[in-house]
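Some notes on the structure that comes next.
The values are calculated or read from the model by the stated rules, or taken from the named source; none is laboratory data. A quick note: this is a predicted structure, and the numbers were derived from the prediction, not measured. Backbone-built Cβ (ideal geometry, glycine too); neighbour counts: all protein chains shown.
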Amino acid sequence: MEPDLQSPGSDLFVWRIGPVVYDEGARELRVDDVPATLEPKPMQLLSALLRHVGEVVTKAELFDTVWTGQVTVDHVLATAIGKLRQVLRAAPDVQIVTVPRVGYRLDATVQRVVARKLSGGQLQLKPGQAVPLRPNFRLQRALAQTDNSEVWLAYNRRAGEYRVYKFATDARRLTSLKREATLARVLRESLGERPDFIRILDWNLVDLPFFLECEYGGVSLREWAGDSAGLAPLSRSGRIDLVLRIVDAVAAAHSVGVLHKDIKPDNVLIQADDNGGPPSVRLTDFGSGGLLDPRKLAALGITRMGFTQTRDLAQDTVSGTLLYLAPELFSGTLPTAQSDVYALGVLLYQCLIGDFRKPLSSGWERDIDDTVLTGDIAAATDGDPQRRIASAAELAQRLRQLPQRRKQWEKARTDERALASTRAALDRARARRPWMIVALITLLVGMGSSLWMYRQAERERVQAERFLASASAVQSFLANDVVAQFSPADRRFDASNDPAAVIERAGAAVDARFSDDPFAAGSLHVAIGSALRSFDRFGDSSARHFRRAIDIGVEHFGADNELTLKARHGLVQSLIYANHYDQARAELRLADDAAGKLLLERNRIALGSSLAHANLRLHSFDFDGMLEALLRARELHRAVQPDNIETGHFIEQGIADAQLRTGEPHSALDTIEAYLRDVALERLDPGRQAVILSLKSRALRTLDQPGPALEQAIQAYDIYERQIGPHGHSTIVTLSAISNLHYLLGHCEQALDTARDAFHRMTQLQGEHSQAALIELGNLGLRQCGCGRLDEGIASVSQAIGQLEQVYGQGNGAARQFKYFLTGYLIEAAQYPQALDLLDELSAQVAAAPPSAHLTLHHLNARRADILSRMGDIGAARAIWIALIDELEASQEQAELLGQARDRLTTYPES
């Protein structure tokens, strides 16, 4: 009998199916009032099927119900079903239907009455009594007791062994026992036998009373701490070591996807060592636990005891002891590894102060006179799970490195003063040469400061002393070799100094200056590469520094080190801007392969990868993928780098950009408005203001408001021109947008003039065969076509398409977009065969490309139908429109295109 599949209340029923009567309580089956012989397993199958009459019960559920925890062969279920069918033949209206590859369904008209409750109340166990089904063990004392559930210590006098038995009599408690047994198997199969988990030795999950038989692991942490020889004599470091052993056990469980969900002193067992060594520490009671990925059970060949399809992590989100529950669980959020981290943080605090009754309430920091340790507890128990320590493993690492980190904290104060000095120099440079300061800001952001580097040092795999020495050297380089050159008092000052040239000259000296400090050298090469890229030095200048940083990182720290991966992500960005997309993809694959499982966690490596993927997908015209990558980046940024304001700006603006590109202008405006509620436009630096103005302009253009859009675009252009000059990439892109808006407003001459200007500037900046320049050539062609210069425009667009495919491959996203627009102008020029040929070519490319809401086979079929109707083949056109309407109605997508197809069908009635 399996309570997990029973209805609420755990009642036992008498079932009537025509002449068949089945009494679950008595386990008796009668046909025409004559007792029928049926083995226990088929009878249990009947119970499971009766409780889901008319529903499919999967084979997995039936195995979990009837053969709980037992090793079986495949045909055992089919054999039992056959025996059950044999008995039920007496009821002609009853049928057990086989659902191929899924399970079985009972089709019948059923009546039922309650026979009795499954639960028999409390077990009424007593000391000295034999354990049910285990006569050699005698109960000694109750360890815990609630309704329908008791935990007892038992002793086998003959063997001299202690055991702990967990008893249950109702369905909910039985499910808890099953889940604990299942999770114990997951831990053992995945991690092997570990001394920090209580082993489950045996169980009875078939007959009342149900129980688990566990090894004895000592007394609870709470009880042990109350003894005068327990917690009180331990020093602070001894208490931290004790908690660290608990954290290690939780981290091990998390590493195989097991959550505990009820970490508290009562579920930690302490047992003295007979030889005088440190006591053993064991984690117990996974009865409230869960699996982050239930598919792991199948992978390990473990049946789903306690994890049926009707149960998942969403249930019992607030189970456990209130004092140790993470705040987000009370709002219905699913439990995560960070929920367990919260409980560990509370436990750490209580162990340090020696009081397991005291909650972590306001002012708790006054109880602990260690700034670094206080910071760890605060980070582990942060009310916002996004800001909480990401994992138990990270908390363990922090606790192990406490002595080094305390030294770092002291030195950080000195570094902060150095940072203040550098910032002051930067402010003075800003006041004198505002047009030069963009590179210096970029350099600071790319390199970070010594204080920022310190704060991240806890997650670096380098020694603290060496790390801080590198930070100090970086500060000195920034102040003396870069910032100082913009001071009139410096002998190297030149009023005509090109900021990029200054940075590049300084970069040439990095390897010699830091030959004995690879971490500082690699960090500076990354920063210099980022700064040069901001000045549109997309080619060798930028990529050379990133490649040098990669070489340094691989040689000294490994391919999976954060410095190496940060450099590789920087190289990917430079290669993208240099139009070397295949190289960028290859470098990003190398970075992702090196990062491995780190990409599945919340860390800066995963953040850098998401940003690189977003940019690559942008330039590959995979805008849905771009939006997906940026939303992941937003989540990671808030979790691991919430104080990095610049990255936050970039991500929010990128999300708005992606929403515009995926046809969601209202969502983009919502993103922009939410962003500006946090950061007022006037408080942003000019470059950010220009980005926001450009995004607003594009949203307004999409919403058919070209006039207001043009005003926003012109403001953005003026800012870009002042900040990065007339030949900056963003300046030219904004100029191209202004050309389009003039066209939409009917200002053809202005549209054509600005389109030509944008094309020539982009050619000067990136070269005539760069993707950006060819896109501007295509844009110019579209303006020419729209302004009535069809032959000239078709030639320009065709040239752009040909060179894009020649240089960047037949699947180039920009070429696909231009082909679609070109088919429309070919129709306008009555060049129907050419348009059909182009559509055939485009259809094959769109079918092989990533899905896009902007250009689908539906769009192409609609255009093909238009061409056929113009050529007089109305029947073929109607057939396409009818098929298109059916497909679009079925998918309930692309409502605008559906409306157009219906209009066309009405316009061309059947002859």
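What the table below lists for this structure:
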| item | result |
| --- | --- |
| Residues of segment 279-304 classified as under 21 Å from Ala249 (Cβ atoms), part of a loop (DSSP other than H, G, I, E, B) and modelled with pLDDT under 85, total | 6 |
| Positions within segment 615-639 being under 20 Å from Ser770 (Cα atoms) and of a type in the set (A, V, I, L, M, F, W, C), in sequence order | Leu616, Leu618, Phe621 |
| Ile655 under 21 Å from the mean Cα position of the chain (by Cα), buried (at least 16 other Cβ atoms within 10 Å of the Cβ) and of a type in the set (Val, Ile, Thr) | yes |
| Flag if Arg16 is modelled with pLDDT of 80 or more and out of contact with any Cys (no Cβ under 7 Å at 6 or more places or on another chain) | yes |
| Matching option when the condition is touching a Leu at 6+ places or on another chain (Cβ under 7 Å) and farther than 22 Å from Ala396 by Cβ, among Leu334, Leu344 | Leu334 |
| Any hit, segment 585-598, residues being surrounded by 20 or more Cβ atoms within 10 Å (Cβ to Cβ) and not in a helix (DSSP H, G or I) | no |
| Some residue of segment 616-632 being without any contact (Cβ under 8 Å) to a residue 12 or more places away in the chain, under 14 Å from the mean Cα position of the chain (by Cα) and not assigned by TED's automatic domain parsing to the domain that holds Gln386 | yes |
| Long-range neighbours under 6 Å by Cβ, at least six apart or interchain, first residue under 19 Å from Asp685 (Cα atoms) within segment 635-655, second of a type in the set (Phe, Trp, Tyr) and surrounded by 17 or more Cβ atoms within 10 Å (Cβ to Cβ) | Glu652/Tyr675 |
| Members of segment 684-740 found to be of a type in the set (Asp, Glu) and under 24 Å from Gly663 (Cβ atoms), listed by number | Asp704, Glu711 |
| Whichever residue in segment 788-832 is touching an Asp or Glu at 6+ places or on another chain (Cβ under 8 Å) and in a helix (DSSP H, G or I) and, among such residues, is nearest to Asp866 (Cα to Cα) | Ile827 |
| Given (1) in the same structural domain as Gly354 (by TED's automatic domain parsing); (2) out of contact with any strand residue (DSSP E or B) (no Cβ under 9 Å at 6 or more places or on another chain), number of the condition Ser228 does not satisfy | (1) |
| Pair list, Cβ < 6 Å and 6+ apart or interchain, from segment 156-172 residues that are at negative phi to residues that are modelled with pLDDT under 90 and among the aromatic types (Phe, Trp, Tyr) | Ala168/Phe210 |
| Pairs, first within 19 Å of Leu283 (Cβ to Cβ) in segment 192-219, second part of a loop (DSSP other than H, G, I, E, B) and among the basic types (Lys, Arg), C-beta under 6 Å, six or more apart | Glu215/Arg199 |
| One residue from Ile263, Ile200, Ile246 being of a type outside the set (Phe, Trp, Tyr) and closer than 14 Å to Val164 by Cα | Ile200 |
| Condition broken by Ala229, with the remaining ones in (1) in contact (Cβ under 8 Å) with a residue 40 or more places away in the chain; (2) within 16 Å of Ser280 (Cβ to Cβ); (3) assigned to a loop (DSSP other than H, G, I, E, B) satisfied | (1) |
| Subset of segment 200-239 [of a type in the set (A, V, I, L, M) and over 39 Å from the mean Cα position of the chain (by Cα)] | Val206, Leu208, Val219, Ala225, Ala229, Leu231, Ala232, Leu234 |
| Check on Ala249, in a helix (DSSP H, G or I), in contact with a strand residue (DSSP E or B) (Cβ under 7 Å, 6 or more places away or on another chain), crowded, with 21+ Cβ neighbours inside 10 Å and not assigned by TED's automatic domain parsing to the domain that holds Ala393 | no |
| Answer from Tyr825, Tyr832 - the residue that is of a type outside the set (Gly, Ala, Ser), under 22 Å from Leu782 (Cα atoms) and in contact (Cβ under 8 Å) with a residue 40 or more places away in the chain | Tyr825 |
| Wholly within segment 606-694, helices (runs of 4 or more DSSP H) carrying at least 2 residues that are β-branched (Val, Ile, Thr) | 645-661, 665-678 |
| Answer from Leu790, Leu842, Leu836 - the residue that is modelled with pLDDT under 90 and more than 27 Å from Ala578 (Cβ to Cβ) | Leu842 |
| Which numbered condition Trp203 fails, given (1) surrounded by fewer than 22 Cβ atoms within 10 Å (Cβ to Cβ); (2) within 22 Å of Ala252 (Cβ to Cβ); (3) touching a helix residue (DSSP H, G or I) at 6+ places or on another chain (Cβ under 6 Å) | (2) |
| Helices (runs of 4 or more DSSP H) completely within segment 505-575 that count 2 or more residues being crowded, with 24+ Cβ neighbours inside 10 Å | 518-534, 540-556 |
| Check on Ser770, within 15 Å of His729 (Cβ to Cβ), in contact (Cβ under 8 Å) with a residue 12 or more places away in the chain and among the polar types (S, T, N, Q) | yes |
